[in-house]
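Below: one structure, written as structure tokens.
The values are calculated or read from the model by the stated rules, or taken from the named source; none is laboratory data. Keep in mind it's a predicted model, so treat the numbers as computed, not measured. Glycine also receives a Cβ, built like all others from the backbone with ideal geometry; neighbour counts cover every protein chain displayed.
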Amino acid sequence: MFSTAIQDFVEQKHYPVFNPQAVFFDMDGVLFDSMKFHARAWVQALSDVGIPFTEYEAYMNEGRTGHSTIDGAYNSLYQRDATEQEKQNIYRLKTSYFETYGPSPVMPYAHELLSLIKSQGLQIFVVTGSGQASLIDNLQLHFPEIFQKEKMVTAFDVKHGKPHPEPYLMALAKAGLNPWEALVVENAPLGVESAVGAGIFTVGVNTGPLPDEVLSRPGASVVLESMKDLYYKWTDFSSLWLNK
Ligand code: MG
């Protein structure tokens with residue numbers, strides 16, 4: 001499965017090789033099992049200001065910055081962007097609802113996978129649209145040996161959030177790598193779009209309620225069902241370019 005996917009990807013992109021030296025992880029729904037709380041918090045915050053929004057929409061919008069999600073909801077209902085004040089108000093509401101759910105649990109097998117990748121000498125970055133200090137603190141708390149500030153791209157670093165390729169292009173720049181020297185692990189359609197737009201081989205892990213097609217359609221080369229699945233396949237997968 002991986003071998004054919006890599007071959008197809010390299011041919012299609014006319015890349016000289018496939019030789020990842022870094023793995024870029026999305027955060028929500030990949031490293032933390034946090035998406036159900038985000039989805040609920042979005043529905044609650046938008047409902048407080050009279051805007052209908054479903055959890056399904058929250059999953060489909062995952063990866064956007066908060067302000068971009070709010071603009072999207074305003075455009076569906078009012079055909080205009082939200083004002084700066086509306087955005088701040090709703091994002092504050094959303095953040096406070098999210099925090100009522102407490103710290104998000106680490107995704108099963110995330111720690112094991114990160115440790116395995118680190119032991120192979122590969123670099124690890126997190127690339128997230130989140131600008132929530134609580135989640136970013138959580139990342140440093142749970143994975144202190146993996147993520148330092150310079151190994152993160154967050155909502156604070158970019159002008160354009162996902163699905164724009166800027167976050168993943170910035171990760172490539174921070175790592176000093178070409179697109180064929182990295183790979184991405186993403187759970188959301190817009191995250192996949194962003195990674196594929198940056199020219200990077202993308203593994204979808206479908207940890208939420210959406211069908212697999214929403215990850216393969218925007219260009220995920222492989223779609224797996226969980227981080228556990230990726231952990232158990234990682235050694236075979238990475239042997240396709242390591243120790244060659
Ligand atoms: Mg995600």
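Looking only at the range 121-137, residues that are of a type outside the set (Ser, Thr, Tyr), crowded, with 19+ Cβ neighbours inside 10 Å and modelled with pLDDT under 90 come to 4 in all. Number of residues in the range 115-137 that are touching a residue at least 40 places away in the same chain (Cβ under 8 Å) and under 16 Å from the mean Cα position of the chain (by Cα) equals 9. Just give me the residues in the range 158-177 being over 14 Å from residue 199 (Cβ atoms), assigned to a loop (DSSP other than H, G, I, E, B) and over 15 Å from the mean Cα position of the chain (by Cα), in sequence order. The answer is 159, 176.
Applying the criterion of at least 2 residues that are away from the ligand (no atom under 16 Å from the Cβ) to the helices (runs of 4 or more DSSP H) found wholly in the range 1-86 leaves 2-13, 35-48, 66-78. When we screen 194, 221, 239, 216 for residues that are under 27 Å from residue 56 (Cα atoms), of a type in the set (Ser, Thr, Tyr) and surrounded by fewer than 22 Cβ atoms within 10 Å (Cβ to Cβ), the only hit is 216. When residue 230 is tested against (1) within 16 Å of the ligand (Cβ to nearest atom); (2) buried (at least 23 other Cβ atoms within 10 Å of the Cβ), exactly one condition is not met: (2).
From the list 196, 203, 192, 184, exactly one residue is in contact (Cβ under 8 Å) with a residue 60 or more places away in the chain and outside any loop (DSSP other than H, G, I, E, B). Which is it? Testing whether each residue is in contact (Cβ under 8 Å) with a residue 60 or more places away in the chain and outside any loop (DSSP other than H, G, I, E, B) leaves just 184.
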